[in-house]
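First up is the structure itself, then whatever we jot down about it.
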Amino acid sequence: MPNPNHRHVLSALVQNVPGVLAHISGMLASRGYNIDSLAVGETEDPHLSRMTFVVVGDDRVLEQVRKQLEKIVTVVRVLDVSSRDFVERDLLLMKVKAPAGATRSEIRELVDIFRGKIVDVGPEEVMVEISGRENKVQAFIERMRPYGISELVRTGRIAMIRSGNACEDETEARAAS
């Protein structure tokens, strides 16, 4: 039985032009699809950007989202990354209350355990950077809640298909643009 709440990671290679993000997110919203996570950035080709986003739903929802995206002129290629062997990361910056002393030491120890970095230190709080799979980032957030999170920002998920699994027609799509 298909899972109606499956998280699909999609990667759209798009022309790097003004308004493409607004166009795509507006199209999805107008059709009732929620974007659970979104990250956009320029690729190795400055004329192309990669949009990585997560949509929740069954395979029918995934197929509808794909079809709608492929109709947009500025979209070069759409891949369902989650259907392949892939690597994903999420980046988090967090300010957590950490007065000097034992509490700060506990936080520093947890940051080390989660392979994060303290990137700024203030008199009463520290700023922490953590990257990794979404569940690792979420686990770190939960561990920090008792200390008092002052502010938190996340990138959303980024993902790439592992080497040896790359789609040949993605290379062709890039060459065609």
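All of the numbers you see were taken from the coordinates with simple rules; none came from a lab. Because the structure is predicted, anything quoted here is derived from the model rather than measured. With ideal geometry, Cβ positions are generated from the backbone for all residues, glycine too; neighbour counts draw on all protein chains shown.
Please work out how many pairs of lysine residues in region 51-139 are eight or more positions apart (or on different chains) and have Cα atoms closer than 22 angstrom.
On the way: 95/117; 95/136; 97/117; 97/136; 117/136.
Counting lysine pairs in region 51-139 gives 5.
Applied to region 146-161, the Karplus parametrisation 6.51 cos²θ - 1.76 cosθ + 1.60 on θ = phi - 60° returns per-residue 3J(HN,Hα) values of x, 7, x, 7, 7, 7, 8, 9, 10, 7, x, 7, 10, 8, 9, 6 Hz, with x for Gly and Pro. For region 60-118, the set of trypsin sites (Lys or Arg not before Pro) satisfying both a DSSP loop assignment and a count of at most 11 other C-beta atoms within 10 Å is given as 71, 115. When P(r) over Cα pairs in 5 Å bins from 0, in percent is calculated for this entry, the matching label among (1) 1, 7, 10, 12, 13, 12, 12, 9, 7, 5, 4, 3, 2, 2, 1, 1, 0, 0; (2) 1, 7, 15, 17, 15, 13, 11, 9, 7, 4, 1, 0; (3) 1, 8, 16, 20, 20, 15, 9, 5, 2, 1, 1, 0, 0 is (2).
The shape of region 1-52 can be summarised by an equivalent ellipsoid whose semi-axes, obtained from the alpha carbon gyration tensor, come to 24, 14, 7 Å from longest to shortest. Across the chain, the longest run free of exposed loop sites, meaning GluC sites (Glu not before Pro) lying outside DSSP classes H, G, I, E and B with no more than 15 other Cβ atoms within 10 Å, spans 45-123.
Dividing the helix sum by the residues of the chain, where each DSSP H run of 4 or more adds -39500 (n - 2.57), gives a mean residue ellipticity at 222 nm of -9500 deg cm²/dmol.
Loop-located trypsin sites (Lys or Arg not before Pro) across region 1-53 with a Cβ neighbour count of 12 or fewer within 10 Å are 31, with loop assigned by DSSP. In plain terms, the bigger the Kirkwood radius, the slower the diffusion; for region 87-158, with that radius from Cα pairs, at 20 °C and 1.002 mPa s, Stokes-Einstein puts D at 178 µm²/s.
Give me the net charge of residue 103's neighbourhood, meaning all other residues with Cβ under 12 Å from the Cβ of residue 103; Lys, Arg count +1, Asp, Glu -1. If you can, show how the numbers build up before the last one.
Working: positive: 97, 104, 108; negative: 106, 109, 124, 125.
Spelling it out: positives minus negatives among the neighbours equals -1.
Note on the chain: with a GNM built from Cα contacts shorter than 10 Å, the maximum mean-square fluctuation among 12, 29, 39 falls on 29. Here the chain is treated with +1 on each Lys and Arg Cβ and -1 on each Asp and Glu Cβ, and its dipole about the Cα centre works out to around 320 debye. Take the Cα of residue 108, step 7 Å toward its Cβ, do the same at residue 72, and the gap between the two points is 4.6 nm. Our coupling estimate for region 41-48, obtained by passing each phi through the Karplus curve with A = 6.51, B = -1.76, C = 1.60 and θ = phi - 60°, is x, 5, 9, 5, 9, x, 8, 10 Hz, Gly and Pro reported as x.
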